[in-house]
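Working notes, structure below.
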Amino acid sequence: MEKYKPDLNKMICVENISSGGLTYVSKRQNGYLVEWEKPGDKNYIELSELVNMRNADRRFFEEPWIRIREENEIDILKFLGVYKYYKSIIDLNNIEDIFKLPISKFKVKFSSLSKGLKETVAEMAANKIKNNKLDSIKIKNFIEKELNLDLSILIPKTKFKEG
């Protein structure tokens with residue numbers, strides 16, 4: 001197998017996989033920032049800036065809050081030295097796909113996630129409950145037991161306008 005030879009100037013598609021908006025402020029380039037307004041948003045970042053992100057703001061990868069959306073995602077993650085944070089989700093095209101798994105596979109997959117991703121999945125579950133889109137009480141109960149929390153506290157409250 002040919003060793004991955006990175007082009008540090010290559011623009012890499014990066015997706016927000018956190019439960020909210022994200023902002024990355026470069027420590028290398030003054031005034032350079034990247035914003036993702038909501039989960040699922042994508043931006044392009046130079047590979048060299050991803051190296052800087054890894055060095056200065058490692059939580060983007062450790063939680064993980066972002067995901068590389070390139071054909072050679074695994075090569076890039078290994079080059080950056082952060083593959084270990086992604087190996088449990090690499091087979092999921094979208095983190096929400098975890099809810100499509102049978103409960104036995106959900107338990108195994110959820111248990112293998114990082115703390116940050118478990119919290120993201122819990123927030124997604126709370127939103128699904130609010131919108132009547134989480135069909136599995138077993139998934140809800142498992143998440144609550146694993147994280148020792150009540151998902152109802154994560155459900156965003158609807159804001160009412162006076163009028």
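The values are calculated or read from the model by the stated rules, or taken from the named source; none is laboratory data. This is a predicted model, so every value here is computed, not measured. With ideal geometry, Cβ positions are generated from the backbone for all residues, glycine too; neighbour counts draw on all protein chains shown.
A few points about this structure:
- Between Asn43, Asn16, the distinction of being in contact with a strand residue (DSSP E or B) (Cβ under 6 Å, 6 or more places away or on another chain), within 20 Å of Lys115 (Cα to Cα) and not assigned by TED's automatic domain parsing to the domain that holds Lys118 belongs to Asn16 only.
- Of the residues in segment 111-128, at least one is surrounded by 17 or more Cβ atoms within 10 Å (Cβ to Cβ) and not in a helix (DSSP H, G or I).
- Residue match in segment 65-77 (condition: more than 23 Å from Glu37 (Cα to Cα) and in a loop (DSSP other than H, G, I, E, B)): yes
- Some residue of segment 82-89 being modelled with pLDDT of 95 or more and either surrounded by 17 or more Cβ atoms within 10 Å (Cβ to Cβ) or touching a strand residue (DSSP E or B) at 6+ places or on another chain (Cβ under 7 Å) (or both): yes
- Picking from residues in segment 12-37 that are farther than 12 Å from Ile66 by Cβ and among the hydrophobic types (A, V, I, L, M, F, W, C), the one that is surrounded by the most Cβ atoms within 10 Å (Cβ to Cβ) is Val25.
- Considering the conditions (1) without any contact (Cβ under 8 Å) to a residue 60 or more places away in the chain; (2) outside the structural domain of Lys115 (by TED's automatic domain parsing), Asp75 is excluded by exactly one of them, (1).
- Checking the stated criteria, Val51 turns out not to satisfy the condition of being touching a residue at least 12 places away in the same chain (Cβ under 8 Å), within 26 Å of Ala122 (Cα to Cα) and surrounded by 16 or more Cβ atoms within 10 Å (Cβ to Cβ).
- Where Asp7 falls short, out of the listed (1) within 26 Å of Val121 (Cβ to Cβ); (2) at pLDDT 90 or above; (3) outside any strand (DSSP E or B): (1)
- Only residues that are assigned to a loop (DSSP other than H, G, I, E, B) and under 19 Å from Gly40 (Cα atoms) were counted across segment 89-101, and they come to 6.
- Screening Lys145, Lys105 for residues that are basic (Lys, Arg), part of a helix (DSSP H, G or I) and more than 21 Å from the chain's Cα centre (by Cα) leaves exactly one candidate, Lys145.
- Residues of segment 105-147 satisfying the condition of being farther than 24 Å from Ile90 by Cβ and either in contact with a Ser or Thr (Cβ under 8 Å, 6 or more places away or on another chain) or among the small types (Gly, Ala, Ser) (or both): Ala126, Ile129
- Matching residues, segment 54-72, being in contact (Cβ under 8 Å) with a residue 40 or more places away in the chain and touching a strand residue (DSSP E or B) at 6+ places or on another chain (Cβ under 8 Å): Trp65, Ile66, Arg67, Ile68, Arg69, Glu70
- Hits in segment 38-59 (condition: closer than 16 Å to Arg69 by Cβ and part of a loop (DSSP other than H, G, I, E, B)): Lys38, Pro39, Gly40, Asp41
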